[in-house]
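Scroll down for the structure; my scribbles are underneath it.
What follows is calculated from the coordinates using simple rules that are stated; it is not laboratory data. As the structure is a prediction and not an experimental result, all values here were calculated from the model. As a convention, Cβ positions derive from the backbone with ideal geometry for all residues, glycine included, and neighbour counts pool all protein chains shown.
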Amino acid sequence: MSSYKRTYSNEQSINFIIPIMIILFLGIVYIMSLRYGQGAVSFILIGIAAATMIYWGFVIKKMTRTEKPKYTARETESKNWVYDVIKGENEIVFVAEVPGPDDKIMVRLVEGVLYIRAAGGFSKEVPVEGASGMQISDFKYRNGVLTLRIGKTTET
């Protein structure tokens, strides 16, 4: 023997409950209207009660619906930016994930702060300790990874 157990979601349960509630309420109103005699008032009361119950049935059904929000946070703002700074004796190597094509990437080193701009409004500022008086000596960008070599200036 095998048994089949089926579970219902909230919306399916409400689809069963609301019509039963409406029929019971209309029955009660009809029985009450019979006590007041045969007249137009009873039909008006039944119509008003039916319209009210149908309206509240739709309101209850709408309240139990679970919908996904229409707007979510942008992914670019919620992601953490990954970068690494490797310090050597005479140079500093900076490696980071940067979005966009290589012709849209702009990098500047000004007074120890590395400014990186790329496509799609990507903009970061990274303070690099010990980089004052240095300049970018090598720039490589492959497969979304930016590699910079920052070395001491050679003045002649």
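Points to keep in mind about this one:
- Zone of V95's modelled label, taken as backbone nitrogen in the stretch 123-156 under 12 Å from a point 7 Å along Cα→Cβ: 145-148
- For the stretch 91-156, the C-alpha radius of gyration divided by 2.2 N^0.38 Å, with N the number of residues, is 1.10.
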